[in-house]
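The values are calculated or read from the model by the stated rules, or taken from the named source; none is laboratory data. Quick caveat: nothing in here was measured; it's all calculated off a predicted structure. So basically every Cβ, Gly included, is an ideal-geometry build from the backbone, and we count neighbours across all protein chains shown. Just so you know, the surface numbers come from the protein's heavy atoms only, side chains and all, with ligands and any DNA or RNA stripped out. Shrake-Rupley method; radii C 1.70, N 1.55, O 1.52, S 1.80 Å.
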2 protein chains.
Amino acid sequence: MSVAPPRPLRPHALVRTLLLVAIATHPRLAQAAPAAASAAPFTDAQLEEARSLRERALIDDTGYETLRSLTREVGPRSAGSPGDARAVEWALARLRALGLKNVHAEPVTVPHWIRGNCSVEVVSPWPQPLVAVALGGSVATPEAGLEAEVVPVTNIDELARIDSTRIAGRIVFYTGRMQRAEDGSGYGRAVTVRGRGAAEAARRGAIGVIIRSVGTDRNRLAHTGGMRNEPGDKLIPALAISNPDADLLEDQLASGQRVRLRMSNSSSWADSARSANVIGEIPGRERPREVVVLGAHLDSWDLGQGAHDDGAGVAIMSAAAKLIGEARSKPRRTVRVVLFANEEFGLSGARTYARDHAGEAASHVMGMESDLGAFAPLGLHSRVPPDRLAAIRAMQSVLAPLGVQYRGNDASGDADVGQIAALGVPVCDLDTDASEYFDWHHTANDTFDKVDPALVRRNVACYAALAWLAADYAPGFGRAPGTR
Amino acid sequence: MSVAPPRPLRPHALVRTLLLVAIATHPRLAQAAPAAASAAPFTDAQLEEARSLRERALIDDTGYETLRSLTREVGPRSAGSPGDARAVEWALARLRALGLKNVHAEPVTVPHWIRGNCSVEVVSPWPQPLVAVALGGSVATPEAGLEAEVVPVTNIDELARIDSTRIAGRIVFYTGRMQRAEDGSGYGRAVTVRGRGAAEAARRGAIGVIIRSVGTDRNRLAHTGGMRNEPGDKLIPALAISNPDADLLEDQLASGQRVRLRMSNSSSWADSARSANVIGEIPGRERPREVVVLGAHLDSWDLGQGAHDDGAGVAIMSAAAKLIGEARSKPRRTVRVVLFANEEFGLSGARTYARDHAGEAASHVMGMESDLGAFAPLGLHSRVPPDRLAAIRAMQSVLAPLGVQYRGNDASGDADVGQIAALGVPVCDLDTDASEYFDWHHTANDTFDKVDPALVRRNVACYAALAWLAADYAPGFGRAPGTR
């Protein structure tokens, strides 16, 4: 039971990587799986029910209309904001309207960072305004802003090789570009400067940081995203500029002249706020206390409507549960939709859920998460004991007409479900085509018009069929290999 | 000598339409053309020189590098702004560096409107911020902004059919969408609300106007553009919202609930400012006082870098002249590049040029203008006496390998060259593929990265060959039919 060879880094690759490392180095790695499943994991009737769900989902716009409702009636909903509170109310009402049961909110304390205004302009050699946004968590500049010469570096590795006297008192500009890829693998490589670039530059005496947006588009819309500050970090203002603005800044630097920037930012931290995980269920017909979790996150960044990130996931999982609730036969176990609070700013909701439900980890039969927008489903990963792989392959076979291949027993859950995966809960990850996702991700452009209803339907079809089969699979999936 | 049947409306269609009407109704419409040209308008040597210019242009990046320089070193340059003054200095230096002669600036007085901050938000039923920009020339709101119910109308015609009591005290929202088209014809139909929508709404008692952006993209970047206020108009604040924001607003209205908006704008008018037309020449070898004008406009809107609009034209025409200056044989007449001041806000530069050079109209042999970005050349229109059409067809034949077809003797010049066309100067219009132009036009997204160097080269090749032949065409083109 070894850890699968690394796949290309996906979004939230850091979370995944950390989990894989934890698993690979765990002393009880070779722990035996529970009793093996039978050779034919599902009956014909079970598979027929799942196929029927799939077909109904492909002609049902509950997901798309749920996303329309969320983006129209709530829109931006960053942790702790008024929109966040409205999103919780919206989600409670929506899950009830979709026929889910036991709909309730579980309180979560979230950090509350408030975006202010920010600006960046080239002062010399050729004055021009640049389009910028503050990175999530950035401290403010002095009110008058700050002005300094720019030092371009590709990434943190290159920063470390530069004489610190060239950094001190300057603004560091991280120039690395994100590569477009179907598997989103460019994100993991590019995003490190967003998380740690400011702290690393500050350690060397920089007074501010500018990063090229972590995104694949060429719009004058900068990409925000959370920083990963750690205790002891010196905090300096950190902004992202749009890709065309990064081109311009590089072009001015290429002239060989010194380039000076002025930057200002007025963001601030408020007290922690209350938010909530919103939960609703389709109760199981035989073992209602055993659950399959369908996860997505309810919060979004503040710049857009959080349509792909992660309104799509909220809509897809809610619609999948609704269709399961309308199935001719309810599954044996409960299908539980968990709409997590504050994924973007530190996984507060997922950590709270994992903490509060740790005692019920063994009754969490399977977890799945949708947090990569509404794009074409391509591949299924699992993390289950080897003797349950036949069930997984049978589940994948129901998705094969949608183009979903089986890709290996190396899943880890995405950011949120990863928190319960770490407790030993088996997980499935559905890869979708991430080629376009990072054009919109964390920008003002993440709006409803960017979402294709047909692709919402295909995702709903996948999760409805997967969740129904997982919840009805009599033997269950035991504990994930390599976890406690 | 009749006016050609109307073509689909192109950008600046209003200017064109007004000219065609003026021509068609002019009492001296049937005026005889000057002496007819010979049957073979050009010698083999002339055509070979033009083909050679075309081929050199196709492997020369003078145009693209000129555009890089303008966008990098000047960027935004709206009439009367500091960028406008820098653009004039840049242009003088650049034309000299490209080897043009008689490089000079001719003063132009321009209006000076200063963009302030603006905001729009839905107050109810579902509060959300909308991305907005002020239309050029918009007056400010009261400092606290204004708030009112929204009345959606498709266009001015629909507004006129609505009971005015429904308009009074409200904010009118023009919902009409621009259609994408190769010939840009959607622009002429959509742009009327930008020009006259506020004035027409104000006449009926509206207190503010919001328009869906006149553009074909789906980015959260609104499209600005000039209004056409007239003496006696009541002035109310007028903003454009991005297409996704217009979708959201329509979606909230579709709920059947009353929608209230809050809008604010702090733009203002300053005193008229000084700008300049920048002119440079490749002097003719035989008749240097007779000129072929290559026109483009130097000003841009303030939100982007004016890359396609009209940095591309500036770069294309400058590079074409530079290549003509390096030809083995200079043409008989002068090729004059005119970079017009303030096209965007009322054609100040073109009107000033036409006024100051009216006495030399007869020595203006031909005018051409590039003001539709750097896209694939597709078609050539002319407006010359019929007995000069053989020369035009020979000129077009040199462009045929680039995909340029002859489309008719119905040219009018674009907005700027149209001013001298109205004096009887023959003109050629080069149609380019406008499918993508209105994705970027008048937005922050009009930046250098959107421009394809190969398409700049193809445009330079067209204008270099056309201008060389026009300037070397011994008989000249007389006066345009239907003009004084």
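Some points to look at:
- Peptide B:305-312 has a mean of 1 when you count, residue by residue, the C-beta atoms of other protein chains within 10 Å of its C-beta.
- Counted residue by residue at 0.36 nm each, then reduced by the alpha carbon distance between them, the extension gain from B:A254 to B:E326 reaches 19.8 nm.
- 5 angstrom amide H check on B:V103, placed H, neighbours 5+ away: B:E281
- Over region A:35-96, the pair-distance histogram of Cα-Cα distances with 10 Å bins from zero comes to 18, 28, 20, 19, 14, 0 percent, rounded to whole numbers.
- At R0 = 22 Å, FRET efficiency that the Cβ-Cβ distance of B:D233 and B:D157 yields, to 0.05: 0.75
- Taking every DSSP bridge with both residues inside the protein assembly as shown, close to 55 percent are antiparallel.
- Across the protein assembly as shown, the fraction of Cα-Cα pairs farther apart than 58 Å, rounded to a whole number, is 20%.
- Summarising the amide proton neighbourhood of B:S300: residues at separation of 5 or more, or on other chains, whose placed amide H is nearer than 5 Å comprise B:R77, B:S78, B:A79.
- Accessible area buried between chains B and A, both sides summed, probe 1.4 Å, in Å² to nearest 100: 2500 Å²
- Volume per residue of the convex hull around the Cα atoms, evaluated for region A:421-475, comes out as 117 Å³.
- Angle between chain B longest axis and helix B:243-254 axis [Cα atoms, degrees, rounded to 10]: 30 degrees
- Listed pairs B:K101/B:K330; A:K101/A:K330; A:K101/A:K450 exceeding 25 Å between Cα atoms: A:K101/A:K450
- Virtual spin-label span in nm between A:L146 and B:R196, 7 Å along Cα→Cβ: 5.4 nm
- According to the calculation over all Cα-Cα pairs in region A:340-482, the P(r) per 10 Å bin from zero is 12, 39, 35, 13, 1 %.
- Rounded percent of accessible protein surface that carbon and sulfur make up, region A:40-99, 1.4 Å probe: 53 percent
- The listed peptides A:459-469, B:317-327, ordered by packing as a protection proxy, come out as A:459-469, B:317-327 (highest mean of other Cβ atoms within 10 Å first).
- Counting charges near B:S275 (Lys, Arg +1; Asp, Glu -1) among other residues having Cβ under 12 Å from its Cβ returns a value of -3.
- For the axis carrying chain B to chain A: nearest C-beta residue of B, whole Å: B:N219, 3
- Distant-in-sequence amide contacts of A:I114, defined by a placed amide H-H separation under 5 Å and a gap of 5 or more residues or a different chain, comprise A:S268, A:W269, A:A270.
- For region B:41-140, pairs of C-alpha atoms spaced more than 20 angstrom apart make up 65 percent of the total.
- HN-Hα J in Hz across region A:153-170 - Karplus 6.51, -1.76, 1.60, θ = phi - 60°, x for Gly and Pro: 9, 5, 7, 5, 4, 5, 4, 5, 8, 8, 4, 4, 5, 7, 9, 4, x, 10
- Per-pair calculated FRET efficiency, R0 = 45 Å: B:I59 and A:N117 via Cβ, rounded to 0.05: 0.45
- Label point 7 Å beyond Cα along the C-beta direction, distances from B:R161 to other copies (nm, shortest first): 6.8
- Protection proxy ranking, peptides B:234-246, A:268-280, average beta carbon neighbours within 10 Å, highest first: B:234-246, A:268-280
- Kirkwood hydrodynamic radius over Cα pairs of chain A, then Stokes diffusion coefficient at 20 °C and 1.002 mPa s, in µm²/s: 93 µm²/s
- Seen against the Cα atoms of chain B and their longest principal axis, helix B:44-57 is set at about 40 degrees.
- Of the Cα atoms belonging to region B:157-295, the radius of gyration and Dmax stand at 20.3, 73 Å.
- Pseudo-label separations to other copies for A:E65 - Cα-to-Cβ vector, 7 Å, nm: 6.1
- Taking the protein heavy atoms of region B:219-291 in the context of the full set of protein chains, the accessible area attributed to carbon and sulfur is 45 percent at 1.4 Å.
- Averaged over the residues of A:446-454, the number of partner chain Cβ atoms lying within 10 Å of the residue Cβ comes to 3.
- For B:P82, label point 7 Å along C-beta direction: distances to other copies, nm: 3.6
- Once the 1.4 Å probe is applied to the protein heavy atoms, the protein assembly as shown comes out at 34 Å² accessible per residue.
- Average other protein chain Cβ within 10 Å of Cβ, residues A:218-226: 4
- For the peptides A:55-63, B:366-374, A:125-133, the ranking by packing is B:366-374, A:125-133, A:55-63, with the highest mean count of neighbouring Cβ atoms within 10 Å listed first.
- Based on the reciprocal of the average 1/r between different C-alpha atoms, the Kirkwood radius for region A:192-245 equals 11.5 Å.
- Once Rg and the Kirkwood radius are both taken over the C-alpha atoms of region A:133-217, their ratio Rg/Rh works out to 0.99.
- Residues of region A:60-84 buried by at least 20 Å² on assembly (accessible area, 1.4 Å probe, chain alone as reference): A:R68, A:R72, A:E73, A:P76
- Ellipticity estimate at 222 nm from DSSP helix runs (n ≥ 4, -39,500 (n - 2.57)) divided over chain A, nearest 500: -9500 deg cm²/dmol
- Region A:83-140: relative contact order in percent, alpha carbon pairs under 8 Å with at least 6 residues between: 21 percent
- Protein accessible area in region B:170-218, 1.4 Å probe - carbon and sulfur %: 41 percent
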